[in-house]
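Here the structure is laid out as structure tokens; the discussion comes afterwards.
Where a number appears in this text, it was derived from the coordinates with a stated rule and is not lab data. Bear in mind that the values here come from a model prediction, so they are computed numbers and not experimental data. As a convention, Cβ positions derive from the backbone with ideal geometry for all residues, glycine included, and neighbour counts pool all protein chains shown.
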Amino acid sequence: MTTCISRSVLIGTRRISADLAPREACGLLFGSADAITAMQGVENVAEDPERRFEIDPAALFAALRAERAGGPRIAGYWHSHPSGDPTPSATDAAMAAADGKLWLIVAGEAASLWRTSAAGALHGRFDAVPVIVDEEPGASEW
């Protein structure tokens, strides 16, 4: 299944990632499995933010409360790989719940989108998701 992602989401995640390098940046993705329409950067509260990420639980809980109250739906998560490889690592796989959420990984100008699953093709946790970037006019395949 292909997912459409807003160009503004890619611009925002790349900008935040560049600003925070060499630390890993992270945040939330909003929309649905079919279309990511917005993102939010959140604090990386990992003990070693240059090698891993952990989304600030307070920000995640606030987004979940907002979602339950009719706000934007959390479609997944994003984080950066300052090393330059947008492929999920074994560490990412160990952290990821098999809940079907999307994971966007940004590495400089490169990015990749993944869906978590209990038997994913990569590290037993992730499956690659084809992407169409929503831009004006029309869309381009990623």
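Summary of values
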| read-out | value |
| --- | --- |
| Residue-averaged [θ]222 nm for the chain, counting only DSSP H segments that reach four residues, each worth -39500 (n - 2.57) | -7000 deg cm²/dmol |
| Relative packing of 48-58, 95-105, which averages over residues the other C-beta atoms within 10 Å, highest first | 95-105, 48-58 |
| Mean separation of Cα contacts under 8 Å (6+ apart) over length of the chain, as relative contact order % | 24 |
| Debye intensity ratio I(q)/I(0), log10, the chain, q values 0.15, 0.16, 0.17, 0.18 Å⁻¹ (C-alpha model) | -0.70, -0.80, -0.91, -1.03 |
| Dipole axis of segment 19-118 (+1 Lys, Arg; -1 Asp, Glu on Cβ), positive-most option in Pro82, Gly71, Leu60 | Gly71 |
| Charge dipole magnitude, Cβ of K and R +1, D and E -1 - the chain, Cα centre, debye nearest 20 | 300 |
| Phi-based couplings in Hz for segment 42-53 (Karplus 6.51, -1.76, 1.60; Gly and Pro marked x) | 10, 5, 8, 9, 5, 4, 10, x, 7, 10, 7, 10 |
| J(HN,Hα) series, segment 111-122, from Karplus relation 6.51 cos²θ - 1.76 cosθ + 1.60, nearest Hz, glycine and proline x | 8, 9, 10, 9, 10, 7, 7, 5, 9, x, 5, 9 |
| Most positive-pole-ward Cα, Leu10, Leu20, Met39, against dipole of the chain from beta carbon charges | Met39 |
| Phi-based couplings in Hz for segment 91-105 (Karplus 6.51, -1.76, 1.60; Gly and Pro marked x) | 5, 4, 4, 5, 8, 7, 7, 7, 10, x, 6, 8, 10, 9, 10 |
| Relative exposure of Glu24, Glu67, judged by other C-beta atoms within 10 Å (fewest first) | Glu67, Glu24 |
